[in-house]
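Q: Quick one: the structure is below, and I'll ask about it shortly.
The values are calculated or read from the model by the stated rules, or taken from the named source; none is laboratory data. Note that the structure is a prediction, hence the values are computed from the model and not measured. Positions of Cβ are generated from backbone atoms using ideal geometry, with glycine treated the same way; all protein chains shown enter the neighbour counts. Areas reflect the complete protein model, heavy atoms only, side chains present, ligands, DNA and RNA absent. Shrake-Rupley method; radii C 1.70, N 1.55, O 1.52, S 1.80 Å.
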Amino acid sequence: MTDASALLSAFDTQARSAEWEAYPDAVQDSEVFRVAWDHRRGFVAGPPDLHLVGAELDAAIARQRDFFAARGQAFEWKTWGHDRPADLPERLEAAGFVSEGRETVLIGLAEEMAGPVRLEDGILLRETKEEADLHRLAATATEVFGRNSTWLADYLLEKQDDPNTVVVVAEADGQVVSSARLEIVPGTEFGGLWGGGTLAAWRGKGIYRALVAHRARVAIERGLKYLQVDATEDSRPILERLGFVVVTTTTGYVWKP
């Protein structure tokens, strides 16, 4: 199946709500779901149609903002390009939220992404859940993306015993030069591909494609059919060449106290 609308329907139906359902402390407020953590910014999202308009929507936005303001905590409200109401982004900005930039959501069939990728000698891919490796990959992510990613080590440490989170690092010259993870959505045919940032000196060597292929093979072993990615403009063309299909966009809007 490569029809974008069918892929998007499968994602919305099966996997999208995993963004908040994975957390037992998620709180539902009308059609909106809110997750608060102690050591990193909060998260808010909802289904494709919030069934809220005008003043009702503004009030729901204000409630989430006030909740996190009382905690003195920043949070992200994640939106998707096909969401309703269509003016949600504008209302978030009017309430003081700032866009972190748009990413492209792509979906592919795992069986089409699992082919072999030849890496240069000296580049090794391996799965890990070791604490030292998780801190090393967070440091690499900070350098790659130009923003503090130390939270990533804490997040993955929380997932050490979770069989649905598979972390892969690429090592070369004694350092982690890239990393990525597969997050399996329990009870669905979906796995999310996250990470994949590679140090500048090691780009163009097939590492990103190899990380995708490795995770695709794991996904197939686990009985998954679809792989979903929120892609930057750096990775989107690579994914499309591999056969991933663009289905929508996603934008995180951040509010800070």
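Q: Nearest 10 degrees, 0 to 90: what angle lies between the long axis of helix 207-221 and the longest principal axis of the chain (Cα atoms)?
A: 80 degrees
Q: Could you tell me what percent of the accessible area of the range 123-257 is made up of carbon and sulfur, with a 1.4 Å probe and every protein chain present?
A: Values: 2910 of 6060 Å².
Taking all protein chains in place, the range 123-257 shows 48 percent carbon and sulfur surface.
Q: Could you tell me the relative contact order of the range 1-132? Use alpha-carbon pairs under 8 Å, at least six residues apart, and round to a whole percent.
A: Working: 96 pairs, mean separation 24.9, N = 132.
Once normalised by length, the contact order is 19 percent.
Q: Also, quick follow-up: How much FRET efficiency would the formula 1/(1 + (r/R0)^6) give for Lys225 and Ala86, where r is the Cβ-Cβ distance and R0 is 41 Å, rounded to 0.05?
A: About 0.85, to the nearest 0.05.
Q: Rounded to the nearest percent, how much of the accessible area of the range 1-67 (1.4 Å probe, protein heavy atoms only) is carbon and sulfur? It would help to have the intermediate numbers written out before the result.
A: Numbers: 1730 of 3370 Å².
Of all accessible area on the range 1-67, carbon and sulfur atoms account for 51 percent.
Q: Next question, about the same structure. Counting Lys and Arg as +1 and Asp and Glu as -1, what is the net charge of the other residues whose Cβ lies under 9 Å from the Cβ of Gly197?
A: Working: positive: none; negative: Glu143, Asp234.
Net local charge, Gly197 excluded: -2.
Q: Can you figure out the FRET efficiency of Lys129 with Ala200, using R₀ = 22 Å and their beta-carbon distance, to the nearest 0.05?
A: Working: r = 27 Å, r/R0 = 1.22.
Plugging the Cβ-Cβ distance into 1/(1 + (r/R0)^6) gives 0.25.
Q: When DSSP beta bridges are limited to those with both residues in the chain, what percentage is antiparallel, rounded to the nearest 5? Present the calculation step by step, with values, prior to reporting the outcome.
A: Details: 44 of 52 bridges.
Percent antiparallel among DSSP bridges in the chain is about 85.
Q: Something else: Mind checking the angle between helix 54-71 and the chain's longest principal axis? C-alpha axes, 0 to 90 degrees, to the nearest 10.
A: Approximately 70 degrees, to the nearest ten.
Q: Roughly how far apart, in whole Å, are the Cα centres of the range 210-257 and the range 94-112?
A: Answer, in whole Å: 9.
Q: Could you derive backbone 3J(HN,Hα) for the range 231-248 from the dihedral phi with the Karplus parameters 6.51, -1.76 and 1.60 (θ = phi - 60°), listing whole Hz in sequence and x where the residue is Gly or Pro?
A: Ordered by residue, 3J(HN,Hα) equals 10, 6, 5, 6, 8, 4, x, 5, 5, 5, 5, 6, x, 5, 10, 6, 10, 5 Hz.
Q: With +1 assigned to the C-beta of every Lys and Arg and -1 to the C-beta of every Asp and Glu, and no other charges, what is the dipole magnitude of the range 1-93 about the Cα centre in debye, to the nearest 20?
A: Numbers: 10 positive and 17 negative charges, 67 e Å.
Taking the Cα centre of the range 1-93 as origin, the dipole is about 320 debye.
Q: Determine the calculated [θ] at 222 nm for the chain from helices alone, applying -39500 (n - 2.57) to every DSSP H run no shorter than 4 residues and normalising by the residue count; nearest 500 deg cm²/dmol.
A: That calculation yields -9500 deg cm²/dmol at 222 nm.
Q: Report, in degrees rounded to the nearest 10, the 0 to 90 angle that the Cα long axis of helix 131-145 makes with the longest principal axis of the chain.
A: It is inclined by approximately 70 degrees.
Q: As an exercise, identify the GluC sites (Glu not before Pro) in the range 150-257 lying in DSSP coil whose Cβ has no more than 10 other Cβ atoms within 10 Å. Mind dumping the intermediate values first?
A: Working: sites: Glu158, Glu171, Glu183, Glu189, Glu221, Glu233, Glu240; in loops: Glu189, Glu233.
For GluC sites (Glu not before Pro) across the range 150-257 that sit outside H, G, I, E and B with at most 10 neighbouring Cβ atoms in 10 Å, the list reads Glu233.
Q: Excluding residues on the same chain fewer than 8 positions from Lys129, give the lysines whose Cα lies under 23 Å from its Cα.
A: The reachable lysines, counting only those whose Cα sits under 23 Å from Lys129, are Lys159.
Q: Only Cα pairs under 8 Å and at least 6 apart count here; give the relative contact order of the chain as a rounded whole percent.
A: Working: 451 pairs, mean separation 72.1, N = 257.
Relative contact order here is 28 percent.
Q: Skip the ligands, DNA and RNA, and give the accessible area per residue of the range 5-113 with a 1.4 Å probe, whole Å².
A: Using a 1.4 Å probe on heavy atoms only, each residue of the range 5-113 averages 47 Å².
Q: Which one of Ser9, Ala170, Trp194 has its Cα pushed farthest toward the positive end of the charge dipole of the chain, where Lys and Arg give +1 and Asp and Glu give -1 at the Cβ?
A: Ala170
Q: Tell me, what is the per residue accessible area of the range 130-222 in Å², probe radius 1.4 Å?
A: Working: 4140 Å² over 93 residues.
That works out to 45 Å² for each residue.
Q: Among [x] 46, 39, 38; [y] 59, 40, 31; [z] 49, 36, 33, find the value of Cα extents along the principal axes in Å that was calculated from the structure presented, and write down its label.
A: Only one option fits the structure, namely [y].
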